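Structure first, commentary second.
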Amino acid sequence: EPEVTQTPSHQVTQMGQEVILRCVPISNHLYFYWYRQILGQKVEFLVSFYNNEISEKSEIFDDQFSVERPDGSNFTLKIRSTKLEDSAMYFCASSEARSFPGTNLYSNQPQHFGDGTRLSIL
Amino acid sequence: AQSVAQPEDQVNVAEGNPLTVKCTYSVSGNPYLFWYVQYPNRGLQFLLKYITGDNLVKGSYGFEAEFNKSQTSFHLKKPSALVSDSALYFCAVRDGYQKVTFGTGTKLQVIP
């Protein structure tokens, strides 16, 4: 079964440094997402991405965050100047697109998650 | 905004017994509800979803969930628990165009 893959599995970075987390979504999926999970807390939505642009973002996703799909397979999350509170598990997810006649392309398909990147800020 | 609540931090059940993990939701409009499972050091795995149709939804690994509109609940169930079912279970609701909002999670411990 196809999977979402994330690299690296663990990233250790000094506070203030830039970090890029990488994801390869499932190949026929068109919607992409980033979530984070601070240790012991709930999974929080960061951003969704479709058709080469952000479709939704949360209040967590401020100017220090950015996402990109640099080629046909990768989906990246960049944190420009990391803070201690950015330490968390970051999960990438993707989902299929299903179109409905007479509406905008729309999907309520389940999101498939990668195993996450544990980001530790020192 | 939509939300889900998981009132139990942990559920303990003996192997072979039926299990229930509770979830209630708050939505405006039609609810799109999901259950995910998370094993240690892994991402979330999709179990099942309710979009429309039958109130009893069957999913992966023998799990099912019952959508109850009057009680705004979407409890996860399994007739006979396995030790390997021990994990963290998240109820979720689609909140917005694509955003999914997760509950706080319930740790299921199946005792041999």
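The values are calculated or read from the model by the stated rules, or taken from the named source; none is laboratory data. It should be emphasised that the depicted structure is a prediction, and the values quoted were computed from it without experimental measurement. Positions of Cβ are generated from backbone atoms using ideal geometry, with glycine treated the same way; all protein chains shown enter the neighbour counts. Ligands, DNA and RNA are excluded from the accessible area calculation, which covers all protein heavy atoms including side chains. Shrake-Rupley method; radii C 1.70, N 1.55, O 1.52, S 1.80 Å.
Assorted remarks:
- Dipole moment magnitude, nearest 20 debye, segment B:51-112 about Cα centre, only Lys, Arg, Asp, Glu C-beta charged: 100
- Accessible area buried, both sides summed, chains A and B with 1.4 Å probe, Å²: 2000
- Seen through its C-alpha gyration tensor, with square-root eigenvalues sorted a ≥ b ≥ c, chain B comes out prolate because a/c lies at 1.5 or above while a/b is bigger than b/c.
- Principal axis extents of the Cα atoms in segment A:1-80, from largest to smallest and rounded to whole angstrom, are 35, 26, 25.
- Exercise: per-residue mean of other protein chain Cβ atoms within 10 Å, A:84-91: 1
- Per residue of B:35-44, other chain Cβ atoms within 10 Å of the residue Cβ number 5 on average.
- Residue order for B:Ser86, B:Ser80 - accessible surface, 1.4 angstrom probe, largest first: B:Ser80, B:Ser86
- Using a probe radius of 1.4 angstrom, the carbon and sulfur fraction of the accessible surface of the protein assembly as shown is 47%.
- Inter-part distance where segment A:27-78 and segment B:1-46 are each reduced to a Cα centre, Å: 23
- Antiparallel content of DSSP bridges confined to chain A, in %, to 5: 90
- A quarter of the convex hull surface defined by the alpha-carbon atoms of the protein assembly as shown gives 13.4 nm² as the mean projection.
- Relative contact order of chain B, defined on C-alpha pairs under 8 angstrom at six or more residues apart (%): 38
- Test item: B:98-107 mean partner chain Cβ contacts at 10 Å: 6
- When peptides B:102-110, A:14-22 are sorted by average Cβ neighbour count within 10 Å, with the highest value leading, the order is B:102-110, A:14-22.
- In the complete set of protein chains, residue-level accessible area for B:Thr20 is approximately 50 Å², probe 1.4 angstrom.
- Set of lysines with alpha-carbon distance to B:Lys22 below 24 Å, sequence-local pairs under 8 removed: A:Lys42, B:Lys49, B:Lys58, B:Lys69, B:Lys77, B:Lys78, B:Lys99, B:Lys107
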